[in-house]
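The block underneath contains the structure these notes are about, expressed in structure tokens.
Read-outs throughout are calculated quantities, based only on the coordinates presented, and are distinct from any laboratory measurement. Computed from a prediction, not measured in an experiment: that's the story for all the values here.
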Amino acid sequence: MQINKNKKIAIITGASSGFGVEFSKRIDSLREIEEIWLIARREQKLLNTSKQLKNAKSLVIVSDLSSKEGISKIKKLLEKEKPEVKFLINNAGFGKTEKFEYSDDDYNEKMIDVNVKAQVMVTKLVLPYMSEGSYIANVASSAAYAPLPYFAVYAASKAFILSFSYSLKEELRHKNISVTAVCPGPAGTEFFKSVKGNKVNGLSIRDPKLVIRKAMVDILKRRSVSVYGLDMNLLRIISKLLPRKILAYFSSKVKLPD
Ligand SMILES: NC(=O)c1ccc[n+]([C@@H]2O[C@H](COP(=O)([O-])OP(=O)(O)OC[C@H]3O[C@@H](n4cnc5c(N)ncnc54)[C@H](OP(=O)(O)O)[C@@H]3O)[C@@H](O)[C@H]2O)c1
């Protein structure tokens with residue numbers, strides 16, 4: 001397959017709000033990318049992101065990543081345009097705290113589809129269009145480090161992404177395509193819009209701008225993981241030291257936001 005080397009693009013999923021908007025602006029400011037593909041379901045919000053770009057052109061792709069049609073829309077566009085993808089930011093995702101036994105099957109299925117399946121499928125689709133020196137970032141979470149009772153499916157989905165990212169990084173090393181798992185703690189996006197105040201369980205709710213500024217530094221330095229904040233780094237160290245059983249027990253004592 002002949003890639004159009006004159007068309008260097010970035011693909012950002014979940015570009016309609018929160019981290020996705022910040023990633024779009026940061027990648028735009030690098031002035032290395034001709035076009036940024038902005039993917040999510042809410043068209044108006046994607047158009048708002050597009051308006052904030054100062055250098056690159058944008059392509060708004062309205063796509064529900066929980067569906068086969070949503071994924072195949074991206075596949076068809078790639079086949080048509082044959083762009084060179086310099087950045088793939090797998091960012092779309094969602095979750096909420098609840099007791100698993102009362103959780104909604106449809107919600108859980110969609111969460112796994114978007115948080116896990118879509119990241120895997122989109123990465124596989126995009127890889128043939130990535131050349132040496134390109135970057136993949138998979139947005140996981142600090143929830144990836146440990147089992148989290150009452151956030152069980154979400155935490156497991158993010159643990160999957162963390163593990164997947166480490167493996168993929170090694171598989172792609174010979175091509176010099178780096179993979180960074182971005183593992184933020186609580187940040188003030190729509191994800192935490194229901195939380196009042198600036199703390200959740202003693203953890204500060206961070207400014208998404210700062211989280212993604214750090215993430216971009218780590219992505220460009222080809223680091224395996226990006227963690228923002230002293231508290232989150234501490235949590236990561238603790239989670240490496242303690243057995244999962246103990247981590248799950250202590251996590252179950254923490255009241256997560258509704
Ligand atoms: N904020 C935090 O505290 C935090 C912490 C750790 C990790 N994260 C992770 O960071 C990522 C971004 O979240 P955020 O904090 O920026 O929250 P957000 O503002 O709610 O953004 C979530 C993004 O995902 C997109 N999305 C959700 N379902 C989708 C679907 N079916 N198809 C396509 N796009 C979909 C949303 O777009 P549409 O609704 O327009 O489709 C939106 O652009 C997520 O993976 C989240 O798990 C967030």
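Students often get this wrong, so check it: of Lys54/Lys175; Lys199/Lys245; Lys57/Lys221; Lys82/Lys221; Lys68/Lys158; Lys5/Lys175, which have C-alpha atoms separated by over 23 Å?
Lys54/Lys175; Lys199/Lys245; Lys57/Lys221; Lys82/Lys221
When only C-alpha pairs under 8 Å and at least 6 residues apart count, what is the relative contact order of segment 1-97, in percent?
Dividing the mean separation by the residue count of segment 1-97 yields 39 percent.
With each run of n ≥ 4 DSSP H residues scored as -39500 (n - 2.57), what mean residue ellipticity at 222 nm is computed for the chain after dividing by its residue count and rounding to the nearest 500 deg cm²/dmol?
It comes out at -12500 deg cm²/dmol, rounded to the nearest 500.
Where is the GNM fluctuation largest for the chain (alpha-carbon springs, 10 angstrom cutoff): Asp104, Asp28, Asp113?
Between Asp104, Asp28, Asp113, it is Asp104 that shows the largest mean-square fluctuation.
For the chain, what does the alpha-carbon gyration tensor say about shape, rounded, prolate or oblate, given a ≥ b ≥ c as the root eigenvalues, a/c under 1.5 as rounded, and a/b over b/c as prolate?
Verdict is prolate for the chain.
Kindly work out what percent of the DSSP beta bridges joining two residues of the chain are antiparallel, to the nearest 5.
Expressed as a percentage, antiparallel bridges in the chain total about 5.
Under a GNM of the chain (C-alpha, springs under 10 Å), which listed residue has the highest mean-square fluctuation: Leu241, Leu38, Leu78?
Most flexible of the set in this elastic network: Leu241.
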